[in-house]
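Everything on this sheet refers to the single structure shown next.
The values are calculated or read from the model by the stated rules, or taken from the named source; none is laboratory data. Here the structure is a predicted model, which is why all the values come from computation and not from measurement. For neighbour counting, all protein chains shown are included, and Cβ atoms are generated from backbone atoms with ideal geometry for every residue, glycine included. For the accessible areas, the whole protein counts, side chains as well, though only heavy atoms, and no ligand, DNA or RNA atoms are used. Shrake-Rupley method; radii C 1.70, N 1.55, O 1.52, S 1.80 Å.
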Amino acid sequence: MGSYHYTSTSHFFFAGGGEGEYSSYKGTGSTDTHRPTTVRIPVTTPGPERPPDDAAAARIQAAFRGHLVRRHAAAVRGADDEATRLERLLRRQETVDAVRGDERERARFSEALMAVLLRLDAVPGYYPAVREARRAVTRRVVGLQEVFDAVLAAPDAADTCGVPASLDQLWKKKGIS
């Protein structure tokens, strides 16, 4: 009987040795001419589960999503910085006096608060972390608008200047907890 051999070229060989039913070359049954025959059987191994193009595309998409999250988070941080600047301005007595006395200053400050809200509105909320940060800054700016409205509506009082010391005081005054 013949034997199987495996070589490193990924081919199996069957070498007939002239014994048994595989002994004849053309099936004639003669045993006087023994020619071993070699049959090459190519062996192919299955490829990887995912083509390398898919893995590369997944890496590119993940990198781009990371870029988008960083860009959107930076936009939210910029809006938060602007809200902090406006809050500092609102706490100053000069700003309170200017807003109460001049219609243009009142409109300028109100438009600055609205511009911050519009900047936040331009940030998409696809990613949960960005969405939560955007929501927190939006609430803060809306709170500043309520403080601004309270400053305008408050009577001129020399001791408090009509400005609540914190947003919590304003919310308690309006019954929001």
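Structure above, values below:
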{"quantity": "Given (1) at pLDDT 80 or above; (2) out of contact with any Leu (no Cβ under 8 Å at 6 or more places or on another chain), number of the condition A79 does not satisfy", "calculated": "(2)"}
{"quantity": "R88 open to solvent by 80 Å² or more (accessible area, probe 1.4 Å), at pLDDT below 80 and within 30 Å of P128 (Cα to Cα)", "calculated": "no"}
{"quantity": "Close pairs (8 angstrom Cβ cut-off, 6 or more residues apart or separate chains): closer than 17 Å to E87 by Cα in the range 116-139, of a type in the set (S, T, N, Q) anywhere", "calculated": "L117/T138; L120/T138"}
{"quantity": "Verdict on D102 being open to solvent by 50 Å² or more (accessible area, probe 1.4 Å) and within 30 Å of H67 (Cβ to Cβ)", "calculated": "no"}
